[in-house]
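Here the structure comes first, spelled out in structure tokens, and everything after it is commentary.
Rule-based calculations on the coordinates, nothing more; no lab input. None of the values given here were measured: they were computed from a predicted structure. FYI the Cβ positions are ideal-geometry reconstructions off the backbone, even for glycines, and counts take in every protein chain you see.
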Amino acid sequence: CLEKAVEQDRGLSAVRYPRGKQCEETQKDSRAETNFRLFAAEGEPKTLAVTYGRLAKELLKARELNGEKFDALQLVEIFPIRDEIIEILKRYDRIVFFEECYRFGCIGEKYAALGLPVEITALDGFVRHSSPKTLLDEAGLTARKMAEKILDDGTA
């Protein structure tokens with residue numbers, strides 16, 4: 001990504017970098033692809049939870065809290081939207097995006113615009129000053145809050 005921005009692109013480039021450290025848990029026990037990692041549960045879950053960056057670690061903890069009753073997708077590359085990701089999402093009745101960004105313009109909205117059954121948990125409105133842990137909890141982006149959201153309709 002950085003090489004392309006510096007060496008190949010003409011004009012302005014923006015490079016997104018994740019805050020926090022990539023967790024080791026997301027690099028094992030998954031269907032490891034270049035652009036994503038799919039963590040599949042036993043059977044055929046109807047719910048897929050999607051995230052990227054440092055929230056992947058929280059999402060995997062949420063899976064443990066829910067007895068791994070839903071599938072999780074960690075996006076390694078969020079843009080451009082790839083056909084392979086769309087095909088994975090189409091297999092689910094419910095898709096829940098967890099994003100540590102402002103809700104409007106987030107990647108979950110881009111997938112929702114394709115007609116997929118997407119729910120989005122992201123920042124909405126003014127974010128007051130506090131510790132990162134408190135803010136993530138208030139935004140519904142901790143493992144416990146993610147697990148509650150996914151079980152919200154009882155069909156994980």
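In a DSSP loop and with at most 15 other Cβ atoms within 10 Å, the chymotrypsin sites (Phe, Trp or Tyr not before Pro) in the range 72-149 are 104, 126.
Between residue 46 and residue 102, full extension at 0.36 nm per residue minus the direct alpha carbon distance yields a gain of 17.5 nm.
The length gained on full extension between residue 109 and residue 83, counted as 0.36 nm times the residue separation minus their Cα-Cα distance, comes to 7.7 nm.
Extension gain for residue 5 to residue 130 (0.36 nm times residue separation, less C-alpha to C-alpha distance): 41.6 nm.
What is the range 77-156 by shape, rounded, prolate or oblate, if you read a ≥ b ≥ c off the alpha carbon gyration tensor as root eigenvalues and call it rounded for a/c under 1.5, prolate for a/b larger than b/c, and oblate otherwise? The shape class here is oblate.
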